[in-house]
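Coordinate-derived values only; no laboratory data. Bear in mind the structure is a predicted one, so any value in this text is a computation, not a measurement. Cβ placement follows ideal geometry from the backbone for every residue including glycine, while neighbour counts extend to all protein chains displayed.
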Amino acid sequence: MAIKLGELLLDEKLITPEQLDEALKSQVIFGIKLGSSLVELGFITDEQLCTFLSRKLGVPAVSRRALSSVSPEVLAIIPAELAEKYRVIPLRAEGKKLALAMTDPTDFKAIDEVSFISGKVIHPYIAPDVSITAALSKLYQVRGDIRYLRIEGEIANKRKNAPIRETVQKAESIQIPMVSESGELLNIEIPMEFEGFASIPDHQSVDFASAGGIERYTVDQLSIDFASAKSRDKIADVFIKYLGQEFNIGALFIIRNNMAVGWRGISSGNSIDGFSNFSMLLSKPSVIRDVIDSQRFAMGSLIQTPENAQILKALAVSTGTPLLVLPIVMLKKVVAAVIVSAEMDALGKRLLELQKLVYKASLAFEMLIIKNKILMT
């Protein structure tokens with residue numbers, strides 16, 4: 001949002017600095033808006049957030065019922081492409097006036113364009129981002145990000161008794177998984193004040209859309225691009241580009257609550273169709289659950305479970321295919337998983353290299369979090 005949401009909430013003492021830190025980390029890792037991150041973590045309810053912003057900005061809030069019961073005639077005033085572009089929902093029209101639900105009522109560019117195309121005078125209303133996402137999906141059949149839709153479902157399930165968490169106690173140190181020369185898993189602790197500490201080389205990242213030729217993508221270039229990445233998706237693009245070059249199969253999964261969600265997948269140099277639609281519960285046995293629980297890698301063919309069968313199907317590989325699965329760990333928590341496929345000997349020889357790349361990815365996430373914190377406060 002154009003408004004500095006984190007700063008506003010801190011000023012009103014609706015959240016603590018520690019809660020803002022955790023929400024900023026979740027925002028970077030999972031790619032959702034800060035407000036949605038705060039709601040999902042239980043630091044504030046969507047109603048509290050909406051009411052607060054309504055009061056602060058002097059814009060009326062819109063109820064969930066109003067968002068879900070817009071007439072077809074009113075919907076027709078705003079084309080689906082425009083509604084998706086600016087994340088807005090028309091609520092009702094009266095003559096030349098149009099009530100418009102928005103996640104950011106200070107987005108005057110959106111107001112101007114919607115007014116020009118509709119020929120109406122816009123009266124903005126505010127609604128939580130997760131509610132706008134659900135309304136776009138229901139009313140316009142705009143495919144929403146599965147993470148937002150899942151948050152919306154969780155909110156609906158616990159609306160009546162969702163508690164606000166107490167202040168998060170920050171750890172005094174950070175534990176970072178490293179690997180010794182012998183392959184032993186080590187947990188290196190560093191003081192909390194060094195969280196996210198890194199210097200960024202003065203290099204520009206590669207434009208993947210225009211990169212061509214037969215030049216190989218090196219680990220050095222990957223490191224530079226990780227350091228200069230400006231979004232979580234750029235980090236994923238960097239990683240998957242390297243994995244696609246080096247392995248038969250490469251895939252990244254986001255770990256969110258009790259789910260593993262497809263993020264990026266590549267096979268023989270081509271993106272895996274529909275991989276982002278993959279989601280799997282972690283309450284039942286699977287290789288990803290084992291890696292999360294142990295925070296250690298797993299290597300070899302997968303044992304036969306329904307969940308492992310889902311993974312093989314998503315990767316379009318057969319039973320018995322050797323796979324290497326590694327966790328991406330931040331602050332003692334697994335936030336993502338990496339899967340690659342190659343011959344068994346090749347996987348063993350490149351294990352240490354991949355563990356170092358996973359560590360680089362976790363540092364790239366840390367730097368994004370620090371950058372976001374600087375911008376949001």
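Simple spin-label estimate for GLU84 and LEU57 gives 2.3 nm between the two label positions (7 Å along the Cα-to-Cβ direction from each Cα). With Cα atoms defining each centre, the range 212-260 and the range 269-298 are spaced 17 Å apart in the structure. For ILE328, the amide hydrogen comes within under 5 Å of the amide hydrogens of VAL335, ALA336, ALA337, VAL338, counting only partners 5 or more places away or on other chains and with H modelled in the peptide plane.
Restricting things to Cα coordinates, could you compute the convex hull volume per residue of the range 5-158 in Å³?
Numbers: hull volume 16.2 nm³, N = 154.
So the per-residue hull volume is 105 Å³.
Full extension from MET259 to GLN245: what is 0.36 nm times the residue separation minus their Cα-Cα distance, to one decimal in nm?
Values: separation 14, 0.36 × 14 = 5.04 nm, distance 2.79 nm.
Working it through step by step, the gained length comes to 2.2 nm.
Diffusion coefficient (Stokes-Einstein, Kirkwood radius over C-alpha pairs, 10 °C, 1.306 mPa s) for the range 229-377: 102 µm²/s, rounded to a whole number.
For the range 304-360 and the range 28-92, what is the centre-to-centre distance using only Cα atoms, to the nearest Å? Measuring centre to centre over Cα atoms gives 37 Å.
Compare the peptides 332-339, 260-267 by average per-residue count of other Cβ atoms within 10 angstrom and give them in order, highest first.
On the way: 332-339: 20.6, 260-267: 22.4.
Final packing ranking: 260-267, 332-339.
As a calculated quantity, the FRET efficiency between LYS96 and ASP11 at R0 = 22 Å, using C-beta atoms, amounts to about 0.05.
Please list 324-330, 89-95 highest first by mean number of surrounding beta-carbon atoms within 10 Å per residue. List each step's numbers first, then the result.
Details: 324-330: 22.4, 89-95: 17.4.
Result, highest mean Cβ count within 10 Å first: 324-330, 89-95.
Checking the Cα-Cα distances for LYS4/LYS96; LYS138/LYS284; LYS33/LYS234; LYS313/LYS333 against a 23 Å cut-off, the pairs over it are LYS4/LYS96; LYS138/LYS284; LYS313/LYS333.
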